[in-house]
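Worksheet: the structure to be examined is printed underneath.
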């Protein structure tokens, strides 16, 4: 889809690499790796699996004491990433305005709160389930917490289409801005680790869960669980004078029907899952400038938002190309494509 350009005014990141831009730039220079392990019960006995685990303590300065106690970790990740993006753009929070849209993309959603709520029902035969867990388990909980903390009265949306979630959210953001519904959109992807994810990794992949992520190893399962939040503050393209650059094109297509331009850099979302290997192998075959940032943050459905934020930061400090095509594929052959040009005032 060719539409109006989107200017990237601010970037906010939190993940297994740490919190904020500098933490990300450090691993961009030195390499990323899982920063924690989690326990899982395997048929052969207890095991530890590596994970890229985020620290939400940085969100305390944005969230009051009462709200902190009521908010789940999923919501705290969203608030932290979004608030960092606003800070980066020089915007004051809380916003207290109605012309800013909020869009949260998530593949896993509030999985931990959902399973915790189900456990609270099972433990007492459904008589006294936790109301706090229930309110935090709904799909829109992170966006709701974010609206309250930021005092935002604008439109709010949660998108959950697994790997295609970030692209779907960006298409909506573009529509809102083109129609004049809002003056800016705070867009981000949030995914959280939960014990059920560890169990699923162990049962599906067994011994192939120890990493490291090898994004270009097409014949091997190397995915390592990741979590975090990546947010971009988006405005109209004509406002690009003091931004990271622009998103020029958004395209939802089939990976078998599209090939990337060979004269510009390609950033693929290959995160070690073999089920997407053939698609990424075809797209990146003999490409002269292909890279993957997934070893910096781990395997998670919302990874394309991380790729865009990382690419913008890398270009700004001279560690990455000023033009990229970001590609994320899913197991059904869908392909999300985002074309970007970085650098203030790009024309």
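What follows is calculated from the coordinates using simple rules that are stated; it is not laboratory data. All figures in this text were calculated on a predicted structure; none of them were measured in a lab. Note that each Cβ is placed from the backbone with ideal geometry, even for glycine, and that neighbours are counted across all protein chains shown.
Per-residue ellipticity at 222 nm from helix content only, as computed over the chain with -39500 (n - 2.57) for each DSSP H run of at least four residues, stands at -10000 deg cm²/dmol.
What list do you get for 258, 325 if you sort them by fewest beta carbons within 10 Å? Before the final figure, lay out each step's value.
Working: 258 14, 325 24.
With the sparsest Cβ surroundings first, the list reads 258, 325.
Among 124, 96, 263, the residue with the largest mean-square fluctuation in a Gaussian network model of the chain, with springs joining Cα atoms closer than 10 Å, is 124. Protection proxy ranking for 289-301, 196-208, using the average of other Cβ atoms within 10 Å per residue and placing the highest first: 289-301, 196-208. Using alpha carbons only, the radius of gyration of the range 100-156 set against its Kirkwood radius gives Rg/Rh = 1.10. Taking all Cα pairs closer than 8 Å and separated by 6 or more residues, the relative contact order of the chain comes to 25 percent.
Convex hull volume of the Cα atoms of the range 278-347, normalised per residue: 104 Å³. Projecting label points 7 angstrom from Cα along Cα→Cβ for residue 42 and residue 281 puts them 2.6 nm apart. Annotation for the range 192-227 versus the range 49-105: alpha-carbon center distance of 27 Å.
Divide the volume of the convex hull around the Cα atoms of the range 189-347 by the residue count and you get 114 Å³ per residue. Across all Cα pairs in the range 55-120, the calculated P(r) in 5 Å bins from zero up to the longest distance comes to 3, 14, 23, 23, 20, 10, 4, 2, 0 percent per bin.
Would you list 273, 145 from fewest to most Cβ contacts within 10 Å? Numbers along the way, then the final one.
Working: 273 21, 145 24.
Sorted ascending by nearby Cβ count, the order is 273, 145.
Relative contact order for the range 74-167: what is it in percent, counting Cα pairs under 8 Å that are at least 6 residues apart?
44 percent
The packing ranking, built from the mean of other Cβ atoms within 10 Å per residue, places the peptides 326-336, 78-88, 154-164, 36-46 in the order 78-88, 326-336, 154-164, 36-46, highest first.
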